[in-house]
Structures are given as structure tokens and as C-alpha cells.
Amino acid sequence: MPPGKAQQSNAMLYTMITFVALFIIATTCAVIFYVKAEDFKTAQKAMEDRLKIIADPGQQANLSKIVGKTESGQTALGAMAEHVNFLVSVITGEAKDTLEQRGAAEKVNNANMQINKALKAMGQDVTVTGGQMGSVALLKQIENLLAEVDKARGIARMAEDELRANEQLLDQKDQDWRQAEQQLNQAKTQAEQKAIDVQAKYDELEALMERSREEQVQNVMDRLEEARTQISEKNAQLQAMQAQLDDTEKQLQEALGKLNEWLKYNKEVAALKPDAKIVRIDDKMGVVYLNIGSDDHVYVGLTFGVYDRNAPLPEDGKGKAEIEVFDVSNKVSIARINRSMKNNPIVPEDVVANLVWDSQTSNQFMVIGDFDFNRDGTVEKDGILRVKELIERWGGQLVDEVTINTNFLIVGQTPVPMAEPTPEEMDANPSLARQYQESLDRSKNYQEIMARAERLSVPVLNQSRFMHLIGYESLAAKSTPF
């Protein structure tokens, strides 16, 4: 090949090689740029997705309006978290540093649970007020509670005023009695002094008789008659004062009696309150629906007496019907009708009551006497045990002694002491003497407990009234309580 041709071919080859090298470099740069661009797009997409999780576009645009003013260097999410911690801390009282370790949903849910727990603990003392979101309106609830507290305080003030008036009356009667007693003692002292004076004058009379018989005797007799007249007058005054003292004491006893009746009435009224209402009746099935359930500690077998909705509980405790619970849910229970009146049927809104059972507290009971559940005139040996089982079953407390804290005394028939056995009968059966003494002690104990209950103003219920007030009269003839 000629030298000129060879040089030309080498130049073209070098040019081609250079072009290829530049092409490869450009292609490599383009690929690298493309890969980096795709990575940037992926990262940007991920950031946008994360931002949408935190706030949608509309919320992002109004972030300052939603969150409010933030401190310098503080993020909107940090400011929102601080607001949530402050609100939860105000409601629950927890420290902010402990709240920062939990999520917002957990903190809000925990605060809501504590509010509901507190309201549930108040039971029937509070009516729950709901907010717009279906939760408890806390401020409205606090306003309602303040209103209830003001109402309770008003009732308490009225009771205190009435009690204070009774105490003032008693103090006045006691003061009158003491004044009369003081006057009586003064009159007695004066009468004794008069008697001493009479004795002195009598002694003087004896001395004078030695000197002048007729004149002195006459003078002494005049003086003695005058003294007797004065004594008679003083005796009349004493009798009048004694009558006044007796009248004052009678008035004092009447005032004490009224106060005891008032205390007994208040204690009995506090326990004889309705426990629930009838919300629906199924006459075909012979059942009723009550507005209480397992949340109120209702259980199967619980009995109630049914009473008219617009009337107080009757004096004898006998209601228009008796029912027995056989099915219980959280808020509602179903009861079968054991007894009812055709001329006074059960209607919705009628109230039910059981003297022993209470969803909030437990009353104290004492049981004495003999009981006849079958109404056949024969006292049952286990009668008092059956009454005690009923009280314990319905949640009442049994006590062995009547005190000021005893709510009710349940009494059966007065125990009748057995006839005193003859010596021959005791020889044949030595245990008769012990049985006879036990019957005497039991009768005496019955009377002492009744007298103590009267002194302490403890309400006394006989068997019939007790059975009606627990809705168990129609079931009482069964062999066992349950």
C-alpha cells in the first residue's frame, strides 16, 4: 500500500476509535443519569407517600390553622403531640414526661376509659351526658354533677334545719324541766325549814306550858294552826309544781317520741325505695322486662314485688304482683309473673322493689321469732333459718345484736314457752328441764330485743310484710327458699 494511503487509513481508524470511545462514554453517562433520576423519583414518591400519611393535601395547606402557632424550631406534629399531652394530662393527672412514651390513640383511649370508669363508679348518682361524637361531654357532666351536689346540699340543709329545730325544742323542754325541778327543791327546802320551825315552836310551847296552861296553850295552838295552814299551802304549791313538772316531762317524752318516729321513718323510707322499672310486658308469655341487668348485679332467681308507679309503697308492703327473674343480660332482665291481680294488672313504668337486695349497698338485718311459711298454723322448725337464707341470698347482712346501725328487725310469731314439766316427767326425761329453761330464755330474749329495737328506732317487719317487700310471698310455701 502506498504510504499516503496507509496514513489516511490510520487517521480514519483513529477517528473511528475516538468516536466509539466518546459514544461509549456518553452512553454510560446517560445510563448513570437515568438510574439516578429514577432513584430520585422513587425517593420523592416515598417522601410524598409518607407526607400523605401525616396529612392529606388539604390538611397540609391548612396546617397552621389546624395546629396553631408553633414555637421556634418546633414541628407542627410536635406541637400537636404537645397539645394532646397537655389535654390528657389535664383529664387524667398524669405527668407529661410519662405521656410522651405512648401514642396519641393510646393516651386518648386511656383518658376516655378513666372517665367512663369514674362515671360507672358513681352508678345511679350521675346521669351520663353525651357529646357530639358519641363520647362523654366532660364539662356538661361536671355541670350536672354540680347541680346534683347543690340539690343534695339543699336537702341536707333542710334536714339540718329540721333537726336543729327539734334540738332547740328538746333543749327548751329540758330547761323547763330543770327549772321546775329547781323550784320543787326550793319548795322542799322551805317546807323542811318550816317543819324545823314548827318543831322549834312546839318545843317553845312545851316550855310555856309550864308557866301558863290555858293562855299559853291557846297561843301555841293558834301558832300551830297557823303553821299547819302554811304547811298546807306549801304542800298545795308543791303538788301544783309537781303537776307542772309531770306535764313538762310528758311533753318532753312526747317530743322524744316524735323524734324517734321521725328517725325510724327516715331509716325505713331510705330502704323502701324502688329498685327498677318495668319497661315491657308480654301477657301471652306471662313475663315482664326490667331496666336492670347483670351490670346492676341482678341474677337468676331474684324476686321483686311490683307496685303502682304513681303511688308510694303500701304500709303492709303488699304489691299488685310478684315476679321472679329467670333471664339476665347486661342492661335488661326478664322475670316471670308469679302472682298478679286481675283488677289491677301490671303496666309499663310500674316499679319493683326487694327490701333486702340493693345494687349499691347492703342493709343489716336481725331475725327473731317463729315462722309459718305454709300458713297452716304450725311453726316450722327451720323457719328462722329459711328467712336468714333469703336475706343472705339477696345480699343482706345478718347481725346477732340490735344496734343503732341495724336497718331492719324481722320478727316472726312470739315464741311460746313450753308448759313446765312435772317432777315425774323430768325424772322420765331429764332433758325436759333444759328444754323448758331454753324456751323461757328464748321468749325473754324475744321481748328484750323488741324493746331494744323500739328504743333505738329500728324498723320492725313481721313475716307477712317482709315476704311482700321481697316479692316472695307466693313462693313462701315451697319446701326450700330456692
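TYR446 is checked against (1) closer than 24 Å to PHE365 by Cβ; (2) assigned to a loop (DSSP other than H, G, I, E, B) and fails just one. What number does that condition carry? Of (1) closer than 24 Å to PHE365 by Cβ; (2) assigned to a loop (DSSP other than H, G, I, E, B), only one is false for TYR446: (2). Put simply, of ASP372, ASP327 the only residue that is surrounded by fewer than 22 Cβ atoms within 10 Å (Cβ to Cβ) and modelled with pLDDT of 95 or more is ASP327. Restricting to the stretch 88-101, name every residue that is outside any helix (DSSP H, G or I) and farther than 15 Å from LEU77 by Cα. Once the filter is applied, which keeps residues that are outside any helix (DSSP H, G or I) and farther than 15 Å from LEU77 by Cα, the stretch 88-101 yields GLY93, GLU94, ALA95, GLN101.
Out of ALA453, ALA419, report the one residue that is small (Gly, Ala, Ser), assigned to a helix (DSSP H, G or I) and either assigned by TED's automatic domain parsing to the domain that holds PHE365 or exposed (fewer than 12 other Cβ atoms within 10 Å of the Cβ) (or both). None of the other options fit; the residue is ALA453. Pairs are defined by a Cβ separation below 7 Å, a sequence spacing of at least 6 or placement on different chains, a first member in the stretch 315-327 that is in contact (Cβ under 8 Å) with a residue 24 or more places away in the chain, and a second member that is among the aromatic types (Phe, Trp, Tyr); the pairs so defined are GLY319/TYR307; LYS320/TYR307; ILE323/PHE304.
Scanning the stretch 73-87 for residues that are of a type outside the set (Phe, Trp, Tyr) and outside any loop (DSSP other than H, G, I, E, B) yields ALA76, LEU77, GLY78, ALA79, MET80, ALA81, GLU82, HIS83, VAL84, ASN85, LEU87.
The values are calculated or read from the model by the stated rules, or taken from the named source; none is laboratory data. It should be emphasised that the depicted structure is a prediction, and the values quoted were computed from it without experimental measurement. Here Cβ is always computed from backbone atoms with ideal geometry, including for glycine, and neighbour counts include all displayed protein chains.
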